[in-house]
Amino acid sequence: MSELRFTPLSLASGHRLRNRLVVPPMASQTADRHGLATTKTISHYQNLAGSGAGLVMVEYSHVSLNGRSEPNQLGAHSDECLSGLTAIATALHKAGTLTGLQLTHCGGKGSRDICGDMMGPSGITVPAYDRQLEQPRAMTLDDIDQWRNDFIAAADRAAKAGFDLVEIHCAHGYGLNQWLSPLTNQREDDYGSSLANRCRLLLEIISAIHQRQPQLGLMVRIPGQDLYPEGLTQADMKQVAQWLVDAGVALVDVSSGIGGWNRPKSRRGEGYLVAEAQALCGAIGAPVIGVGGIESVSFIEAALRDKQLDLAAVGRAILRDPAAFNAVVMQPETCLA
Ligand SMILES: Cc1cc2nc3c(=O)[nH]c(=O)nc-3n(C[C@H](O)[C@H](O)[C@H](O)COP(=O)(O)O)c2cc1C
């Protein structure tokens, strides 16, 4: 009987997960119109902690008002957010789990109605599987400085609010994914053309956060690849992941890229994105989270045994009923493997 999912995992940042299960960031749309957490947000996370996962990620939180993609999105953009964020982190710690806050800027993956000023590295419309997006304007060097400062300030707030980890969202076609991808970044300055230049802003953000908040565990959600023709490849992402780990990232969360998090038409079955994590697992000097339709003990145990991932993220199966997930997957006696 295999019970690898109960093996603790220590990160280079000094944090220790009590097991190999992660609740990935999932937008709850429970914040108020100013991005402030409500009592509904706090009870939502208390409920998710009932899954028994060793790490509960808190949903994508915008670093500035023009980085918002949804009206009731949680924010980390101002000190007014601090009391709500602190209440979420406190509730999750009381439930015995580590917690991380995901930080995002939508860039060109939003709508002017919500973010006001929609911008992207080169003013190129972001491709998406499920909708036609508006064309953003091209960013200036001042905009780049602003994004960098906004991510750094939001990470400072995450630390102040008591989060163990902070995750920079660089996947699913959002702002920093747009910087990394050759589909949406066709600049010819120091922030464009080569992979190193396209990765520059992300690395500047990571290095600055690591320097200011060395006790904060740093995570990045990256695409395993863009899954779009001419987009980021797995080889590109192996190089990017290595740079990120060298810059202080303690945990790499591998999902999809331009196009969004939804299951691509060509992918089927439980663990439909786990091949993306597997390509990096054991190869970059930091543990890797895999995701995509995971829900069963047998899948999780096999993926851990075969080193396809170090941590299994379970989104919708936990969202449906955290307590039921705990009863079926997180109890040793129910192990099926
Ligand atoms: C309601 C919902 C909201 C989501 N919000 C986010 C988010 O805020 N940030 C993010 O990186 N991914 C988000 N995702 C994607 C999930 O983190 C996860 O990658 C995806 O659901 C696939 O995992 P699953 O098949 O276990 O659900 C969201 C998914 C759902 C269902």
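The values are calculated or read from the model by the stated rules, or taken from the named source; none is laboratory data. Treat the numbers as computed from the prediction; the structure is a model and nothing was measured. Methodologically, a virtual Cβ is constructed for each residue, glycine included, from the backbone with ideal geometry; neighbour enumeration extends over all protein chains shown. Protein only, heavy atoms only, side chains kept; ligands, DNA and RNA dropped before computing areas. Shrake-Rupley method; radii C 1.70, N 1.55, O 1.52, S 1.80 Å.
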Of everything in the range 262-280, what is crowded, with 19+ Cβ neighbours inside 10 Å and in contact with a Pro (Cβ under 9 Å, 6 or more places away or on another chain)? Give them in sequence order. Leu273, Glu276
Tell me which of these Leu74 doesn't satisfy, since it passes every other one: (1) free of Cβ contacts under 8 Å to residues at least 60 places away in the same chain; (2) more than 16 Å from the ligand (Cβ to nearest atom). (2)
For the range 2-19, indicate whether the set of residues that are open to solvent by 40 Å² or more (accessible area, probe 1.4 Å), within 16 Å of the ligand (Cβ to nearest atom) and out of contact with any strand residue (DSSP E or B) (no Cβ under 6 Å at 6 or more places or on another chain) is non-empty. no
Give the residues of the range 271-323 that are more than 15 Å from the ligand (Cβ to nearest atom), outside any loop (DSSP other than H, G, I, E, B) and more than 17 Å from Ser255 (Cβ to Cβ), sorted by residue number. Ser298, Glu301, Ala302, Leu304, Arg305, Ala323
Only one of these conditions is not met by Asp143: (1) open to solvent by less than 10 Å² (accessible area, probe 1.4 Å); (2) part of a helix (DSSP H, G or I). Which number is it? (1)
So, Ala171, is that one open to solvent by less than 20 Å² (accessible area, probe 1.4 Å) and within 16 Å of the ligand (Cβ to nearest atom) or not? yes
Would you check if Thr99 is hydroxyl-bearing (Ser, Thr, Tyr) and either over 29 Å from Gly259 (Cα atoms) or in contact with a Ser or Thr (Cβ under 6 Å, 6 or more places away or on another chain) (or both)? no
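Within the range 93-101, can one find any residue that is of a type in the set (D, E, K, R), within 28 Å of Ser51 (Cα to Cα) and not in a loop (DSSP other than H, G, I, E, B)?
yes
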Output the residues belonging to the range 256-270 that are away from the ligand (no atom under 13 Å from the Cβ) and either closer than 23 Å to Leu103 by Cα or not in a loop (DSSP other than H, G, I, E, B) (or both). Ile258
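Name the residue that is farthest from Val288 (Cα to Cα), counting only residues in the range 228-253 that are without any contact (Cβ under 8 Å) to a residue 40 or more places away in the chain and more than 16 Å from the ligand (Cβ to nearest atom). Step through it out loud before you land on a result.
If we filter the range 228-253 for residues that are without any contact (Cβ under 8 Å) to a residue 40 or more places away in the chain, which is where we start, we get 229, 233, 235, 246, 252.
Imposing the further condition that a residue be more than 16 Å from the ligand (Cβ to nearest atom) reduces the set to 229, 233, 235, 246.
Numbers: Pro229: 25, Thr233: 18, Ala235: 16, Asp246: 15 Å.
Top of the filtered list is Pro229.
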Mind checking which helices (runs of 4 or more DSSP H) fall wholly inside the range 176-255 and carry at least 1 residues that are open to solvent by 10 Å² or more (accessible area, probe 1.4 Å), of a type in the set (Val, Ile, Thr) and within 20 Å of His15 (Cβ to Cβ)? 234-246
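A quick yes/no check of all residues on (1) part of a loop (DSSP other than H, G, I, E, B); (2) within 22 Å of Arg221 (Cα to Cα); (3) open to solvent by 40 Å² or more (accessible area, probe 1.4 Å):
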residue	(1), (2), (3)
Gln73	yes, yes, no
Leu85	no, yes, no
Ile88	no, yes, no
Lys109	yes, yes, no
Asp113	no, no, yes
Gly123	yes, no, no
Val126	yes, yes, no
Gln132	yes, no, yes
Within the range 30-66, track down each residue that is within 13 Å of the ligand (Cβ to nearest atom) and open to solvent by 30 Å² or more (accessible area, probe 1.4 Å). His44
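Select from the range 281-296 the residues that are farther than 24 Å from Leu319 by Cβ and open to solvent by 20 Å² or more (accessible area, probe 1.4 Å) and list them in ascending order.
First, pick out the residues of the range 281-296 that are farther than 24 Å from Leu319 by Cβ: 281-286.
Residues satisfying the conditions are Cys281, Gly282, Ala283, Gly285.
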I'd like to know if the range 106-117 contains one or more residues that are more than 15 Å from the ligand (Cβ to nearest atom), touching a strand residue (DSSP E or B) at 6+ places or on another chain (Cβ under 6 Å) and at pLDDT 95 or above. yes
